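Below: the structure, in structure tokens.
Readers should treat all values here as calculations from the given coordinates under stated rules, not as data from a laboratory. What you see is a predicted model; the values in this text were computed from it and never measured. Cβ atoms come from the backbone with ideal geometry, glycine included; neighbour counts cover every protein chain shown.
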Amino acid sequence: MTAKNNDMTFLEHLEQLRWHLIRAFVAVVTIAIAAFIFHEIVFDKVLLAPKNPDFFTNKLLCLLSQKVDIPKLCINTKPFQLISIKMAGQFSMHITTSLFVGIVVSFPYIFWEFWRFMKPALRENEAKHTKGAVTISSFLFLTGVLFGYFVIAPLSVHFLGSYNVSDQVVNQINLKSYVGILTSITLASGITFELPVLIYFLSKAGLVTPKFLKKYRRHSIIVILILAATITPPDVFSLILVTFPLLILYEAGIIISKKIVKRINT
């Protein structure tokens, strides 16, 4: 920590934090305004795409179904129409979605502002070892978002959109419900992929160790299965697709924790 930061009062620290938050807020609002203006791209090309047969994942699974002769792998072959049942439904969804896009796209910058605020409080060697924290955290988050969008979302849309309890009941899916499912899946996936970063900071704080993580590996598998079952449709194929990368991330977390503990003890 520099002498300047040591001499700062509590109110001065709050003032510094306020400006970091303001800059992060401005970034979110700027991206949100751009998303609001280019709503045709955001909705037609991105959010509504997973329900269409020509979506990348849907076409890929259909090709795979032909090769392995499993017709059920071909999903979302019949696109469904969405409805809006409130007068201001589409307008409010337009605003909410734009803010969501602003948060997701601005995440690397938000994390960078947070890092800039915390960096002066770190020792020189700590700042050196965590130099790539922003890049790694942003990469994991965006990878998780893309995984949720291209893998989990199409499977969930297919299962929930085509599920029916009786032929007498017709699905008329609300726009708010569809977008809510899609955004929650992608955001949850992005946050979940931050597991190695969480383990890193917990290891730095001395709250977890490699021994602890190995000891409770079986328990973690159960937690991961429950988490995967929560954000995916209830079928084995989807469960495996989500569980496998989460297990890899947990094992990566053990390696990271081992390096942190070794570094602390030397």
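Odds and ends about this structure:
- Its alpha carbons give the range 42-199 an Rg and a Dmax of 19.6, 68 Å.
- Local electrostatic count at THR209 - Lys and Arg +1, Asp and Glu -1, tallied over other residues with Cβ under 10 Å: +4
- A simple spin-label model places the labels of SER92 and PHE80 2.2 nm from each other, with each point 7 Å out along Cα-to-Cβ.
- Taking amide H positions as modeled 1.01 Å from N, with prolines and chain starts lacking one, the residues under 5 Å from ILE83 and 5 or more places away or on another chain are ILE173, ASN174, LEU175.
- Using the average count of surrounding beta-carbon atoms within 10 Å as a protection proxy, the listed peptides 198-205, 81-88, 39-46, 181-188 rank, highest first, as 181-188, 198-205, 39-46, 81-88.
- Student exercise, the range 3-193 dipole from Lys, Arg, Asp, Glu Cβ charges, in Debye to nearest 20: 160
- Sorted peptide list for 160-167, 213-220, criterion being average Cβ within 10 angstrom, highest first: 213-220, 160-167
- Folded to 0 to 90 degrees: helix 217-231 orientation relative to the chain principal axis, Cα: 50
- If you plug the beta carbon distance of ARG263 and THR143 into 1/(1 + (r/R0)^6) with R0 = 25 Å, you get a FRET efficiency near 0.45.
- Stokes-Einstein D in µm²/s, Kirkwood radius over Cα pairs - the range 169-261 at 37 °C with 0.692 mPa s viscosity: 222
- Angle between the chain longest axis and helix 133-147 axis [Cα atoms, degrees, rounded to 10]: 10
- Counting only alpha carbon atoms, the long axis of helix 89-118 and the longest principal axis of the chain meet at about 20°.
- Ordering of 132-142, 100-110 by burial proxy (mean other Cβ atoms within 10 Å per residue, highest first): 100-110, 132-142
- Here the Karplus relation 6.51 cos²θ - 1.76 cosθ + 1.60, evaluated at θ = phi - 60°, turns the backbone of the range 62-76 into coupling constants of 5, 5, 5, 5, 6, 6, 9, 6, 10, x, 5, 6, 7, 10, 6 Hz, with x for every Gly and Pro.
- Rounded if a/c under 1.5, otherwise prolate or oblate - the chain, Cα gyration tensor axes: oblate
- The dipole here belongs to the range 194-266: it is taken about the Cα centre, uses +1 on the Cβ of Lys and Arg and -1 on the Cβ of Asp and Glu, and is about 620 debye.
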